[in-house]
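Colleague: Before I ask anything, here is the structure I am working with.
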Amino acid sequence: MSVQLRRLIDEQNTLWQRMQDIQTAAETENRDLTAEERTNWDQAEERLTVVSGDIERLNRMAQLSQIDRSQIVSTTGEPEDRRGGGGGGDAEERAARYAEAFGLYLRGGMDRLTPDQRNLMMDNEVDMRAMGANVDTAGGFTVPDEFRNIMVETMVSFGGLLNLADVITTSTGADLKWPTNDDTGNEGELLGENQPAGEQDLQLGGRTLKAYIFSSKQVKLSMSLLQDSAFNLEQWVPKKLGERIGRRAARAFTTGSGVDQPQGVTTGAVVGKVGAGGQTTSITYDDLIDLEHSVDSAYRPGARYLMHDQTLKVIRKLKDLQGRPLWVPIPAPGFPATINGFEYTLDNSMPIPAAGAKSLAFGDFKAGYVIRQVQQVQTLRLVERYAEFLQVAFLGFARMDGMVQDPSAIRVYQHAAS
């Protein structure tokens, strides 16, 4: 754990203790907060929000740094051992040569390449028109592994649900029939001696997982900037493309309608608790208890909360029947913050508390939600379209879909309509 992260955790706990001391003093004396106490509380809460956000970001960066880069996906979709041995030397050498050629291509186009490098690039050409992407070019080129990995990792870091769901990868974008199942109401039987076993079929539903195209939109850069060797193009471009795709995909996986787009978790999951009249922006302790127990006990050991940061702000003020805060900050380095004993994930594509909004999801998301992605994200370099402006555009895209696959594993909280 970094020194910075440890310092932020200590500050988070100190701020939280200060807020609890202020509230306890008022409750002990059976009075409202004084103006000074209210000011101190608001200042501590504002700082706590900033510190908690910084902790989330640092933890996300730490997760990305733990990715095993010795096994990466090649441009053909097959894993390659980058550590050498096992006959992988040729593949590793070819990947290195392609990465070098691609870097020159990004900055200067095909004219900067040698004949051998051009041939190497042409071997990795993709035709976007065949994929129905409506791009005004014959195609582009697949990207080197490290470029693609940066883009994928950035995309994942911006999608909370993408880190929790059951993610499957397919080599093509053909429609994929995917079963849905809720078997929690079925059980086995006690057999007598020499008695035949009974029958009970699984109650399977089904939906088709498609391959919707998520685009980063075009990112334009001036040719003068591309020619500047001090500008780290190979790091900057994939991060920006990954951020855009990650944000848009996250919104689809949380609130998508399921019609010509993924089915979001708030759309497909069953409502486990509806707030009482007047609770258009609030949540009570009893609401959380009811929501937790609306999920079958078989799923609760692996369950957690999923919410927007604004929802967390509401929950941080709640206490249980013994006056203990439901939100517990990180008790010590290496332990997660919890809500009523359950871990939580922030995803700012989730709805915020509002009338009729489904602002909170709870359950085992690995069991309950599936995301289908096609191979890996790809990138195009568009030259001719902006040539007169001395600009080059980059376009990233990923093909994905998602849906609730086990409706018993996840429940959502819905605020009262009025």
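The values are calculated or read from the model by the stated rules, or taken from the named source; none is laboratory data. The model shown is predicted, which means the values in this text are computed figures rather than measured ones. Note: ideal-geometry Cβ built from the backbone for every residue, glycine included; neighbour counts use all protein chains shown.
Colleague: Based on this model, can you work out whether Asp296 counts as over 30 Å from Ala99 (Cα atoms) and modelled with pLDDT of 95 or more?
Modeller: Judged against the criteria, Asp296 is not a match.
Colleague: Somewhere in region 251-263, is a residue more than 17 Å from the chain's Cα centre (by Cα) and aliphatic (A, V, I, L, M)?
Modeller: yes
Colleague: State all residues of region 328-353 that are within 22 Å of the chain's Cα centre (by Cα) and of a type in the set (A, V, I, L, M, F, W, C); if no residue qualifies, say none.
Modeller: Ile330, Phe335, Ala337, Ile339, Phe342, Leu346, Met350, Ile352
Yes or no, residue by residue, for (1) out of contact with any Leu (no Cβ under 6 Å at 6 or more places or on another chain); (2) touching a residue at least 12 places away in the same chain (Cβ under 8 Å); (3) surrounded by 21 or more Cβ atoms within 10 Å (Cβ to Cβ); (4) under 16 Å from Phe253 (Cβ atoms):
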site: Ile371; (1), (2), (3), (4): yes, yes, yes, yes
site: Gln375; (1), (2), (3), (4): yes, yes, no, no
site: Thr379; (1), (2), (3), (4): yes, yes, yes, no
site: Tyr386; (1), (2), (3), (4): yes, yes, no, no
site: Ala393; (1), (2), (3), (4): no, yes, no, no
site: His415; (1), (2), (3), (4): yes, yes, yes, no
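Colleague: Within the set of pairs 6+ apart or on separate chains, which have a first residue in region 328-344 that is surrounded by 15 or more Cβ atoms within 10 Å (Cβ to Cβ), a second that is acidic (Asp, Glu) and outside any strand (DSSP E or B), and C-beta atoms under 8 Å apart?
Modeller: Qualifying pairs under 8 Å: Asn340/Glu292; Asn340/Asp320; Phe342/Glu292.
Colleague: Same structure, new question: Kindly check whether there is at least one residue in region 282-298 that is in contact with a His (Cβ under 6 Å, 6 or more places away or on another chain) and crowded, with 18+ Cβ neighbours inside 10 Å.
Modeller: Among the residues of region 282-298, not one is in contact with a His (Cβ under 6 Å, 6 or more places away or on another chain) and crowded, with 18+ Cβ neighbours inside 10 Å, which makes the answer no.
Colleague: If you check Val265, Val237, Val271, which single one turns out to be in contact with a strand residue (DSSP E or B) (Cβ under 6 Å, 6 or more places away or on another chain), buried (at least 18 other Cβ atoms within 10 Å of the Cβ) and modelled with pLDDT of 95 or more?
Modeller: Going through Val265, Val237, Val271 in turn, the sole match is Val265.
Colleague: Under 7 Å between Cβ atoms, at least 6 apart or on separate chains: pull out the pairs that start in region 1-14 with a residue that is modelled with pLDDT under 90 and end on any residue that is of a type in the set (Asp, Glu).
Modeller: Leu8/Asp54
Colleague: Of everything in region 376-394, what is within 15 Å of Trp236 (Cβ to Cβ) and not β-branched (Val, Ile, Thr)? Give them in sequence order.
Modeller: Residues satisfying the conditions are Arg381, Ala393, Phe394.
Colleague: Being within 24 Å of Gly242 (Cβ to Cβ) and modelled with pLDDT of 80 or more, is that true of even one residue in region 76-97?
Modeller: Yes, because at least one residue in region 76-97 is within 24 Å of Gly242 (Cβ to Cβ) and modelled with pLDDT of 80 or more.
Colleague: Could you tell me whether Ala130 is among the hydrophobic types (A, V, I, L, M, F, W, C) and either at pLDDT 75 or above or in contact with a strand residue (DSSP E or B) (Cβ under 7 Å, 6 or more places away or on another chain) (or both)?
Modeller: For Ala130, the condition - among the hydrophobic types (A, V, I, L, M, F, W, C) and either at pLDDT 75 or above or in contact with a strand residue (DSSP E or B) (Cβ under 7 Å, 6 or more places away or on another chain) (or both) - is not met.
Colleague: Does any residue in region 400-413 that is within 16 Å of Asp364 (Cβ to Cβ) come within less than 7 Å, Cβ to Cβ, of a residue that is aromatic (Phe, Trp, Tyr) and part of a strand (DSSP E or B) six or more places away or on a different chain, and which pairs are these?
Modeller: Gly402/Tyr369; Val404/Tyr369; Gln405/Trp178; Gln405/Tyr369; Ile410/Tyr369; Arg411/Phe362
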